[in-house]
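Below is one structure, written out as structure tokens; comments come after it.
The values are calculated or read from the model by the stated rules, or taken from the named source; none is laboratory data. Because the structure is predicted, anything quoted here is derived from the model rather than measured. Note: ideal-geometry Cβ built from the backbone for every residue, glycine included; neighbour counts use all protein chains shown. Just so you know, the surface numbers come from the protein's heavy atoms only, side chains and all, with ligands and any DNA or RNA stripped out. Shrake-Rupley method; radii C 1.70, N 1.55, O 1.52, S 1.80 Å.
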Amino acid sequence: MAGRPGGSAEPGIVLVSKDENGNGLPDDEWYELAGSEYGTDTEIRDYEITYYRPEPENADVRWTDNQGNEGYVYRNTFHQQSSYYPLWEESDCLIFRGTRLKDNAVQENGVWVGYAYDWGYADNHPNSTEMSKFKIDWAVDAQGNKVALDQIDFVKIYTAVNQYCTQIGELRQRLPEWRIYIMRNNQ
């Protein structure tokens, strides 16, 4: 991945929302902040991955996707949690939809290196660099049209790669991380 910084990049898609209805809940339209890979052949739009409840509870978690792939989220022996499948989830399968970025990690001299995409993704570049910053001017709607936002109230981030990297395993290949951050009063 010539020209890209390497390390432990786990790029995440960033979405933003404005509290248009004023109810303080993240229930208005979400807009993706279009990063450097948006609209290129390094992303898969409308990606869908399904995870299945393991039996027994502490077994590897099977997954399938809408691209015809399947595999397992293998248990990492260095993590002690009882299950990789959410214990509070009642359903026997979880489906996540979004954009998937192509694999960004390669094994070099026996070590896995996660290469960063140019800009526009969370957990992709060190926080101290210019490439880790975001602009709401990058916001696009579900059809890819630019959206002019005067503010944002909510931020949602999800892991955008799905790659198994043997001994580190955690680069991806685990259940997606969805986070919603509520921003109020310029905090």
Inset, instruction - Just need a number here: residues in region 21-68 that are among the charged types (D, E, K, R), surrounded by 14 or more Cβ atoms within 10 Å (Cβ to Cβ) and in a strand (DSSP E or B). - result: 5
Inset, instruction - Scan region 101-117 for residues that are more than 25 Å from residue 30 (Cβ to Cβ) and part of a loop (DSSP other than H, G, I, E, B) and jot them down. - result: 103, 109, 110
Legend entry - Set 144, 98, 120: member being within 12 Å of residue 12 (Cα to Cα) and part of a loop (DSSP other than H, G, I, E, B): 120
Legend entry - residue 81 vs. criteria within 24 Å of residue 142 (Cβ to Cβ), of a type in the set (S, T, N, Q) and either free of Cβ contacts under 8 Å to residues at least 12 places away in the same chain or assigned to a loop (DSSP other than H, G, I, E, B) (or both): no
Legend entry - Residue count for region 109-123, restricted to those that are open to solvent by less than 70 Å² (accessible area, probe 1.4 Å) and in contact (Cβ under 8 Å) with a residue 24 or more places away in the chain: 9
Inset, instruction - Can you confirm whether region 129-141 contains a residue that is open to solvent by less than 30 Å² (accessible area, probe 1.4 Å), under 22 Å from residue 81 (Cα atoms) and modelled with pLDDT under 90? - result: no
Legend entry - Residues that are at pLDDT below 85, aromatic (Phe, Trp, Tyr) and more than 14 Å from residue 122 (Cβ to Cβ), drawn from region 144-187: 164
Inset, instruction - With the condition kept exactly as written, say whether any residue in region 79-96 is open to solvent by 70 Å² or more (accessible area, probe 1.4 Å), modelled with pLDDT of 90 or more, under 16 Å from the mean Cα position of the chain (by Cα) and on the phi < 0 side of the Ramachandran plot. - result: yes
